[in-house]
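Here's the structure, in structure tokens; my notes come after.
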Amino acid sequence: MMILNMGIVFIIMYVVGNLIFVSKHKHLLVVLLSLEFIVLSIFFFLLIYLSNIDYNLYMLMVFLVFSVCEGALGLSILVSMIRTHGNDYFQSFNLLS
């Protein structure tokens, strides 16, 4: 019963993260934070799932490595955008130039 409740919580976390990702597209920082929230919900889901089937958690470490790389790449894009344009608004720069 507890696993079912935790599954519902993970699904709600994932859906809320996706809703924020789709609706808040004005600032790059909010988009990156919503992506990290989605990754966190997937991490918790994998942790509970792999623990319940008594599987080794090496795949979870690989997932964490890729999520850290994704976060570092997103922050580098944010820093370069703020240095070139002065803010993180998507409307303040042209994608073609």
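Among the residues of the stretch 14-29, is there at least one that is charged (D, E, K, R), more than 29 Å from G86 (Cα to Cα) and out of contact with any Leu (no Cβ under 8 Å at 6 or more places or on another chain)?
No, there is no match, as no residue in the stretch 14-29 is charged (D, E, K, R), more than 29 Å from G86 (Cα to Cα) and out of contact with any Leu (no Cβ under 8 Å at 6 or more places or on another chain).
Go through the stretch 73-91 residue by residue and tally those that are part of a loop (DSSP other than H, G, I, E, B) and either touching a Pro at 6+ places or on another chain (Cβ under 7 Å) or surrounded by 11 or more Cβ atoms within 10 Å (Cβ to Cβ) (or both).
Counting residues in the stretch 73-91 that are part of a loop (DSSP other than H, G, I, E, B) and either touching a Pro at 6+ places or on another chain (Cβ under 7 Å) or surrounded by 11 or more Cβ atoms within 10 Å (Cβ to Cβ) (or both) gives 2.
Does the stretch 45-52 contain any residue that is more than 23 Å from I8 (Cβ to Cβ) and at pLDDT 85 or above? Spell out how you get there, then give the answer.
Residues of the stretch 45-52 more than 23 Å from I8 (Cβ to Cβ): none.
No.
Filter the stretch 48-72 down to the residues that are surrounded by 11 or more Cβ atoms within 10 Å (Cβ to Cβ) and touching a residue at least 24 places away in the same chain (Cβ under 8 Å) and list them by number.
Within the stretch 48-72, I48, S67, E70, G71 qualify.
Would you check which residues across the stretch 53-68 are part of a helix (DSSP H, G or I) and either aromatic (F, W, Y) or more than 17 Å from L33 (Cβ to Cβ) (or both) and list them?
Of everything in the stretch 53-68, those that are part of a helix (DSSP H, G or I) and either aromatic (F, W, Y) or more than 17 Å from L33 (Cβ to Cβ) (or both) turn out to be Y58, M59, L60, M61, V62, F63, L64, V65, F66.
Cβ-Cβ distance below 6 Å, separation of 6 or more or different chains: which pairs start in the stretch 73-97 with a residue that is modelled with pLDDT of 85 or more and end on one that is assigned to a helix (DSSP H, G or I)?
G74/L32; L78/L28
Suppose the filter is part of a helix (DSSP H, G or I) and loosely packed, with under 12 Cβ neighbours inside 10 Å; does V31 pass it?
No.
Could you list, in sequence order, all residues of the stretch 20-40 that are more than 12 Å from the chain's Cα centre (by Cα) and of a type in the set (A, V, I, L, M)?
Matches in the stretch 20-40: V22, L28.
The values are calculated or read from the model by the stated rules, or taken from the named source; none is laboratory data. Quick caveat: nothing in here was measured; it's all calculated off a predicted structure. Because the Cβ atoms are built from the backbone with ideal geometry, glycine has one as well, and the counts that use them run over all protein chains shown.
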